[in-house]
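Notes to accompany the following structure.
The values are calculated or read from the model by the stated rules, or taken from the named source; none is laboratory data. Because the structure is predicted, anything quoted here is derived from the model rather than measured. Backbone-built Cβ (ideal geometry, glycine too); neighbour counts: all protein chains shown. Surface areas here come from the heavy atoms of the whole protein model, side chains and all, with no ligands, DNA or RNA. Shrake-Rupley method; radii C 1.70, N 1.55, O 1.52, S 1.80 Å.
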Amino acid sequence: MGETGDTTVKTGNIKVKIGIVLALILIIAAAGAYTFSIDATLPATGMNYPYTTTYDVLFPDGEKIEVAGTTLIALTDGNEVFLKVADENRKMLVGETETITSRRVVAKIFGISIVDTNYRIDAEYRGLVGDLLDFYLIVQTEKQVPQFIINMLMPEEINARPV
């Protein structure tokens, strides 16, 4: 009879310990999510961009879109696009490439930097796809950046997909 009681006590202790560990993991994950921050609008501190990822994106015509902290509005007239980047107006023809922004991004969790790199985003106008403006966005970075960070900088409205 002593063996059965000991087994029940050991099983109960293991369940309590597992519950405590799971609660601690949940608390740490919640605190990490709460303290996670990205600032993609800092001035660039360098000009070396050895890492490149290209995205095919479809912009809605005439809508204000924010990409990595930079406001863009694109209007088309067939083979050309009028692009407003922040407060600057530009005109691009199909096949032309323009630098959209060059800045620094810092991502932190628990107040500790996990990503700190300069980046540049160039856009190449590719024409219309239906009623959407097709661009290649070329994201160049000083250091390798986890894909989830880049994904957080790309708004859902532009349908960005890597090429």
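Tabulated results
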quantity	calculated
The one condition in (1) of a type outside the set (D, E, K, R); (2) within 27 Å of Thr45 (Cβ to Cβ); (3) open to solvent by 40 Å² or more (accessible area, probe 1.4 Å) that Ala107 fails to fulfil	(3)
Filter result (open to solvent by less than 30 Å² (accessible area, probe 1.4 Å) and either at positive phi or among the aliphatic types (A, V, I, L, M) (or both)) within segment 45-64	Val57
Given (1) surrounded by 15 or more Cβ atoms within 10 Å (Cβ to Cβ); (2) under 13 Å from Leu133 (Cα atoms); (3) at pLDDT below 90, index of the condition Val67 fails	(2)
Pairs with Cβ under 6 Å, 6+ apart, first in segment 114-129 and basic (Lys, Arg), second part of a strand (DSSP E or B)	Arg120/Ser102; Arg120/Gln140; Arg126/Asp134
Residue check for Tyr34: of a type outside the set (S, T, N, Q), open to solvent by 40 Å² or more (accessible area, probe 1.4 Å) and outside any strand (DSSP E or B)	yes
Test: residue in segment 113-129 that is surrounded by fewer than 16 Cβ atoms within 10 Å (Cβ to Cβ), of a type outside the set (A, V, I, L, M, F, W, C) and outside any strand (DSSP E or B)	no
Within segment 72-96, tally of residues that are in contact (Cβ under 8 Å) with a residue 12 or more places away in the chain, part of a strand (DSSP E or B), open to solvent by 50 Å² or more (accessible area, probe 1.4 Å) and under 17 Å from Asp122 (Cβ atoms)	2
Some residue of segment 32-39 being within 22 Å of Ile150 (Cα to Cα) and free of Cβ contacts under 8 Å to residues at least 60 places away in the same chain	yes
